[in-house]
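The values are calculated or read from the model by the stated rules, or taken from the named source; none is laboratory data. Because the structure is a prediction, the values reported are computed rather than measured. Here the Cβ positions follow ideal geometry from the backbone for every residue, glycine too, while neighbour counts run over all protein chains shown. Please note that ligands, DNA and RNA were not included when accessible areas were found on the heavy atoms of the full protein model with its side chains. Shrake-Rupley method; radii C 1.70, N 1.55, O 1.52, S 1.80 Å.
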Amino acid sequence: MSEHLNPFFEPYGTPHDAVPFDRIRLEHFEEAFMEGIRRDNEQIEKTINNPEKPTFENTIINTEEDEGYYDLLSRVSTVFFNLLSAETNDEMDALAQKMQPILTQHANDVRLNPRLFERIRYVHLHHRKLTAEEKMLLDNCYDGFVRSGALLDEAGKERLRQLTEEASMLSLQFSQNLLKEQKAFTLDITDEAQLDGLPETAREAAALAWKEANCEEPKANSKAGWRFTLDYPSFSPFMTYSTQRELRKQLYMARNTICTHDNAENNLEICKRLVNLRREIAQLLGYKTYADYVLKRRMASNTRSVYRLLNNLIDAYKPTAVKEREELHKLFQSQEPKAKSQKLMPWDSGFYSHKLQMKKYNIDAEMLRPYFELSKVIGGVFGLANKLYGITFKENKDIPVYHPDVKAYEVFDKDGSFLAVFYADFHPRKGKQGGAWMTEYQGQYIDRKGENVRPHVSVVMNLTKPTEDKPALLTLGEVETFLHEFGHSLHGMFANTRFESLSGTNVWWDFVELPSQFMENFAIEKDFLRTFAFHYQTGEPLPDELINRIVKSRNFMAATACLRQVSFGLLDMAYYTKKDEFTDDIIPFEKKAWKKAILGEQLPDTCMTVQFSHIMAGGYAAGYYSYKWAEVLDADAFAVFKKHGIFNQETAQRFRDEILSKGGTEHPMTLYKNFKGSEPTIDALLKRNGIKKGKK
């Protein structure tokens, strides 16, 4: 194989045709992008110049397959933008800034091509009898062009180009600003007394971070120290355990004022502009608001349904949340010096929640960490998939990865056939966005020869890192995060559709969280915990007594957590239901928008919007409610498993066949009813959270 050739231009020659990360260099991306655009344009010209009458085969399938994995542009874009989130650097950021307007212009050129759209419209009106999946593809293709401006006049199309190109650049800038700001802050401690209250795991991780920083930037005075960051595995333990209230405040304010400072990373005006760009795009396309535009393709279908859900949750959960808050404040007043003259502040909530949890249930995250060693958790999660679906995982070190933290696995179905490639990227690092997500490097589809091309899926997380003395020991919350993203990956791995754009997680966004949130239910199930939760030193299983305390404490502060999610949904909807130009200042607007769901102190300088990637840069604009929407579904679905046994393979097979493997080939409610036999109700969620009493 010639070494000078761009890896994207030739067969990968790797196991399962996996991405050859070890051969890809920065300079390969731009060359492949430009060649991909050229080939794309060439193929489109062939399609629109085809003298034959437009048919489903020569127009719709051509369009679908041009956008498939073996299309060069899709291939390079997938790798580049996945790495931009998981393993970026200044050079990649600069290339993204250069390529984003070019790629957006090309996408507009395709969707606004009148000759291509005329062929698609002809097929939409005159087509042979289609299967349900073919009909869904045709409808999606036609609607996709219409929703991208194909019916606009030339002036409208030109304006849409301007709006979408600006929005794509601002979304990219938003993400880059957020990453830079989050990674720029450190809380460095050299006085060991200021570590009071912190568990050993947090101290060791901070000592390692300090040591690694000194290796990169040797300090003249390199005495012992501890470094804390805004990455969740560092931030969360500090806010939970540190007795140093002023340091908790410093860390909290650093995290919650990200991208509001007077510097190049300020996102306030970017957010305001993004809201207005999306509003104008929607109105140009004939919708009153951006939310109306988005919800046309959602299970909720309209803003009334979204607000009904959010308001019903507030009505159901707020009375309990108020009681939770009062209980927390009472504990604060009893223990905090000078508390009578002070309020319970946001940087106190985690600290006193932990104290209250210990008082009521005698349990906290650190008690459980020794039983959640990462390699054992991996085995437990894989074992769960095996118990439910019969699939197995085998690490293959011949599959290239993009960072040493990443593990690559082959996944085999219960009959031994190859099912998928699965990448797992576990720990935070400098060039990696915060949070956790699932993505794909190759989607599933059936090619022209009838071969079922299997998917390559990846989960990217920011879990606790190993230290010099200990392996990676996770919290129960991190185990839930792993299960959540693994649920998304099962949706991808079990995909079994003809067309890639309908496979796996290519479903309506208020349905996509069902498989992921469904998997979180297993985290506190005794029968699941017994399969992997063993002490990393002694090998002793997690004691039944601790498991019972986990189960009893499952609804601790659940109403408060629900209102927090609802508040984000309210904020999202407040921005994207605007009919007129948005001219408010972001920070006060935010405080007012979610006030109905906020119980604690609102600080004048803090801001969620400027770091709210989901609704500004992550595709959840006018869709954040979907987490709560899907929670209704997941509680309802898991109740079916509880009824028949959480490892019941017949129920699991039905869940796989009717939901996980079907992708977006049918309406989500049709898929759900095919699984359960009826539509979901909110009752199971209310019972699970202890809001509504039900039979045990």
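Listing for the model above:
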read-out	value
Rounded, prolate or oblate (a/c below 1.5 giving rounded, otherwise prolate when a/b exceeds b/c) for the stretch 618-696 by Cα gyration tensor	oblate
Glu666, Glu57, ranked by accessible area, largest first (probe 1.4 Å)	Glu57, Glu666
Cα-based shape type of the chain, given that a ≥ b ≥ c are square roots of the gyration tensor eigenvalues and the cut on a/c is 1.5	rounded
Among Ser353, Met253, Gly443 - extreme Cα towards positive end, dipole of the chain, charges at beta-carbon	Ser353
Residue-normalised accessible area of the chain, expressed per residue, 1.4 Å probe, Å²	43
Cβ charges +1 (Lys, Arg) and -1 (Asp, Glu), total dipole of the stretch 69-117, debye	360
Rg over Rh, two decimals, the stretch 537-613 (C-alpha only, Kirkwood Rh)	1.24
Equivalent ellipsoid dimensions for the stretch 571-632 as semi-axes, Å, which come from the Cα gyration tensor, largest first	19, 16, 12
Residue-averaged [θ]222 nm for the chain, counting only DSSP H segments that reach four residues, each worth -39500 (n - 2.57)	-16500 deg cm²/dmol
Dipole magnitude (debye, nearest 20) for the stretch 5-128, charges at Cβ of Lys, Arg, Asp, Glu	620
Per-selection Rg to Rh, the stretch 562-696 - Cα, Kirkwood hydrodynamic radius	1.07
Tensor-based shape of the stretch 292-386 (alpha-carbon gyration tensor, a/c under 1.5 rounded, otherwise prolate or oblate)	oblate
Accessible surface, 1.4 Å probe, highest first, among residues Tyr317, Tyr627	Tyr627, Tyr317
Solvent-accessible area, 1.4 Å probe, carbon plus sulfur percent, for the chain	49
Magnitude of the charge dipole, the stretch 96-188, Cβ model with Lys/Arg +1 and Asp/Glu -1, debye to 20	300
Nearest-10 value in Å² for the accessible area of Lys465, using the 1.4 Å probe	70
Alpha-carbon centroids, the stretch 277-333 and the stretch 623-696: separation in whole Å	21
Separation between Cα centres of the stretch 388-449 and the stretch 113-185, rounded to whole Å	29
Charge dipole (the stretch 155-216, unit charges on Cβ, about Cα centre) - positive-most of Gln176, Leu160, Gly197	Leu160
Over the stretch 235-367, volume per residue of the alpha carbon convex hull, in Å³	190
Per-peptide average of other Cβ atoms within 10 Å, ordering 647-653, 141-147 highest first	141-147, 647-653
Scaled radius of gyration (Cα, divided by 2.2 N^0.38 Å) that the stretch 289-342 gives	1.92
Calculated diffusion of the stretch 52-139, Stokes-Einstein form, Kirkwood radius summed over Cα pairs, 4 °C and 1.567 mPa s, µm²/s	85
nm² value of the averaged projected area, convex hull over the Cα atoms of the stretch 187-269	6.3
Cross-link pairs Lys430/Lys591; Lys318/Lys376; Lys552/Lys643; Lys526/Lys628 - those with Cα-Cα distance over 28 Å	Lys430/Lys591; Lys318/Lys376
Solvent-accessible area of Trp629 with every protein chain in place, 1.4 Å probe, in Å² to the nearest 10	50
Distance histogram for the stretch 107-238 (every C-alpha pair counted, 10 angstrom bins, percent rounded to whole numbers)	10, 24, 15, 11, 12, 17, 10, 1
Protein-only accessible surface order, largest first, of Thr577, Thr104 at 1.4 Å	Thr577, Thr104
With DNA, RNA and ligands ignored, accessible area of Tyr12 (1.4 Å probe; Å², nearest 10)	0
